[in-house]
Amino acid sequence: MEKFIPVVVIKELSETDTILTALKMNGINCAEITFRTACAEEAIKYAVKNYPDMTIGAGTVINAQQCHKALDAGATFIVSPGLSNEVAKVCQANNVPYYPGCVTPTEIMAALDLGITTVKFFPANVYGGLKALKALSAPFPQVKFIPTGGVDRNNIDEFLAFDKIAAIGGSFFVAESLEKMKEKN
């Protein structure tokens with residue numbers, strides 16, 4: 001798994017090259033393209049075809065129908081803001097990693113019942129940040145977290161220093177990468 005998972009919202013297919021090129025120039029070879037826009041499926045398909053050296057996944061996947069579309073487009077991992085049993089089943093049937101949003105002990109236990117040991121912790125800043133993750137890690141030592149929302153350059157090193165962090169998710173990676181690309185041009 002990549003250590004950084006940029007949350008990428010593509011509103012128009014033409015943005016795909018600019019965003020993915022900027023991420024690559026910034027040393028990031030992963031993108032979670034969200035299913036928040038009408039062109040998400042097409043953007044994933046395009047990214048998988050044109051950026052074969054990048055790990056392309058789908059984010060904001062909230063039901064089995066979206067999951068099937070994402071996988072058909074070539075997504076190699078699926079992320080949800082919450083836990084969906086339907087999405088988990090589709091991912092398991094297709095042997096694709098699924099990172100559901102889980103912030104409570106009950107949600108984490110539900111994920112564990114589905115065989116999921118890496119979960120998205122979203123929105124991290126609203127649900128207690130690193131302090132909450134450390135508290136949740138005590139009863140769930142087998143779980144790794146992907147904090148997203150409220151993680152930025154000011155606190156990223158603190159999160160990365162905690163051994164239960166599988167990766168960091170966030171849209172700030174995209175903004176940073178685009179800014180650096182703009183500065184170089």
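The values are calculated or read from the model by the stated rules, or taken from the named source; none is laboratory data. If you're wondering where the values come from, they're calculated on a predicted model, not measured in any experiment. FYI the Cβ positions are ideal-geometry reconstructions off the backbone, even for glycines, and counts take in every protein chain you see. Quick note on the areas: whole protein, heavy atoms, side chains included, nothing else; ligands and nucleic acids left out. Shrake-Rupley method; radii C 1.70, N 1.55, O 1.52, S 1.80 Å.
Annotations
- Accessible-area composition of the chain, carbon plus sulfur, in percent [1.4 Å probe]: 51 percent
- Under 5 Å from the amide H of LYS120 lie the amide H atoms of GLY101, CYS102, ILE146, each residue being 5 or more positions distant or on a separate chain, with H modelled from the backbone and absent for Pro and chain starts.
- Pair-distance profile P(r), taking every C-alpha pair of the stretch 92-132, with 10 angstrom steps and integer %: 30, 49, 18, 3
- LEU112 paired with GLN92, simple spin-label distance in nm, labels 7 Å along Cα-to-beta-carbon: 1.6 nm
- The stretch 40-54-the stretch 89-126 distance, computed between alpha-carbon centres (Å): 24 Å
- Here the extension length gained between MET25 and ASP72 equals 14.1 nm, from 0.36 nm per residue of separation less the Cα-Cα distance.
- For the stretch 116-141, backbone nitrogen atoms closer than 17 Å to the point 7 Å from ASP163 Cα along Cα-to-C-beta are found at 133-141.
- Farthest toward the positive end of the dipole of the chain, out of THR76, ILE56, ALA138, is the Cα of ALA138, where the dipole comes from beta carbon charges about the Cα centre.
- Using θ = phi - 60° in the Karplus curve 6.51 cos²θ - 1.76 cosθ + 1.60, the 3J(HN,Hα) couplings for the stretch 4-21 round to 10, 10, x, 8, 10, 9, 9, 7, 9, 3, 4, 6, 4, 4, 4, 5, 5, 5 Hz; x is entered for Gly and Pro.
- Near the amide H of PHE4, within less than 5 Å, lie the amide hydrogens of ILE168, all on another chain or at least 5 residues away, with H placed in the peptide plane.
- Per-residue ellipticity at 222 nm from helix content only, as computed over the chain with -39500 (n - 2.57) for each DSSP H run of at least four residues, stands at -12500 deg cm²/dmol.
- From phi via Karplus (6.51, -1.76, 1.60), per-residue ³J(HN,Hα) for the stretch 48-58 in Hz, x at Gly/Pro: 4, 6, 9, 10, x, 8, 9, 8, 10, x, 10
- 3J(HN,Hα) couplings calculated from phi for the stretch 172-183 with the Karplus curve 6.51 cos²θ - 1.76 cosθ + 1.60 (θ = phi - 60°) are, in sequence order, 4, 4, 5, 4, 4, 5, 5, 5, 5, 5, 4, 5 Hz; Gly and Pro show x.
- Lys, Arg +1 and Asp, Glu -1 on Cβ, resulting dipole of the chain about Cα centre, debye, nearest 20: 160 debye
- Expected-Rg normalisation [2.2 N^0.38 Å, Cα atoms] applied to the stretch 40-92: 1.06
- Rounded if a/c under 1.5, otherwise prolate or oblate - the chain, Cα gyration tensor axes: oblate
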